[in-house]
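Have a look at the structure below before the remarks.
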Amino acid sequence: VLLAAALALALLALLAPAQAVESLRFTGDALVGVSLFLALSIGVAAYAKASGADALIARAFTGNLPTMVLLAGLMGALSPFCSCGVIPLIAALLAMGVPLAPVMAFWLASPLMDPSMFLLTAGTLGTGFAVFKTVSAIAIGLLGGFSTLLLGRAGWFADPLREGVGNG
């Protein structure tokens with residue numbers, strides 16, 4: 001992936017040098033903007049692992065799987081994690097032994113809507129649109145979570161972690 005990105009940037013620099021500079025500036029600004037959320041999500045995951053809270057979090061995700069998927073979809077749409085910031089948290093949840101279906105529901109719903117995005121959307125496009133977007137984020141999370149649950153029950157996704165990541 002890094003090699004492909006570097007090649008794409010090199011090609012862009014050859015074809016449109018001004019755009020390559022602007023693209024690098026945009027990427028740097030975006031990285032700086034998301035760095036706080038990345039640091040927080042990595043910090044939460046590291047703290048959970050170091051303090052033993054990961055077992056407590058994993059226990060919160062025990063019980064009836066469909067109920068867990070529903071709650072994870074709701075929590076995901078209300079969490080403040082962006083698409084980049086949620087990745088370390090998702091990896092930590094999987095490493096803690098949380099089933100894939102609720103993790104998928106949380107993972108899909110989380111970057112689509114959060115409290116600040118709700119306020120921004122409501123202020124820009126209206127409250128009705130913001131509410132509809134929130135409901136849509138929850139629905140997408142639930143669709144992904146319940147689809148994963150059904151596929152898991154059919155024998156797919158027996159071990160969602162790569163060898164050596166949380167399982168070895």
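Computed quantities for the displayed model
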read-out	value
1 or more residues touching a residue at least 40 places away in the same chain (Cβ under 8 Å) and either over 16 Å from the mean Cα position of the chain (by Cα) or crowded, with 21+ Cβ neighbours inside 10 Å (or both): qualifying helices (runs of 4 or more DSSP H) within region 78-146	86-95, 100-109
Search result, residues across region 148-160 that are under 20 Å from Gly76 (Cβ atoms) and either at pLDDT below 85 or open to solvent by 50 Å² or more (accessible area, probe 1.4 Å) (or both)	Leu150, Leu151, Phe157, Pro160
Pair list, Cβ < 9 Å and 6+ apart or interchain, from region 42-65 residues that are among the charged types (D, E, K, R) to residues that are modelled with pLDDT of 70 or more	Lys49/Ala92; Lys49/Ala95; Lys49/Met96; Asp54/Ala92; Asp54/Leu93; Asp54/Ala95; Asp54/Met96; Asp54/Gly97
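The values are calculated or read from the model by the stated rules, or taken from the named source; none is laboratory data. On a predicted model such as this, the values are computed, not experimentally measured, just so you know. Backbone-built Cβ (ideal geometry, glycine too); neighbour counts: all protein chains shown. Keep in mind that these areas ignore ligands, DNA and RNA; they rest on the heavy atoms of the full protein, side chains included. Shrake-Rupley method; radii C 1.70, N 1.55, O 1.52, S 1.80 Å.
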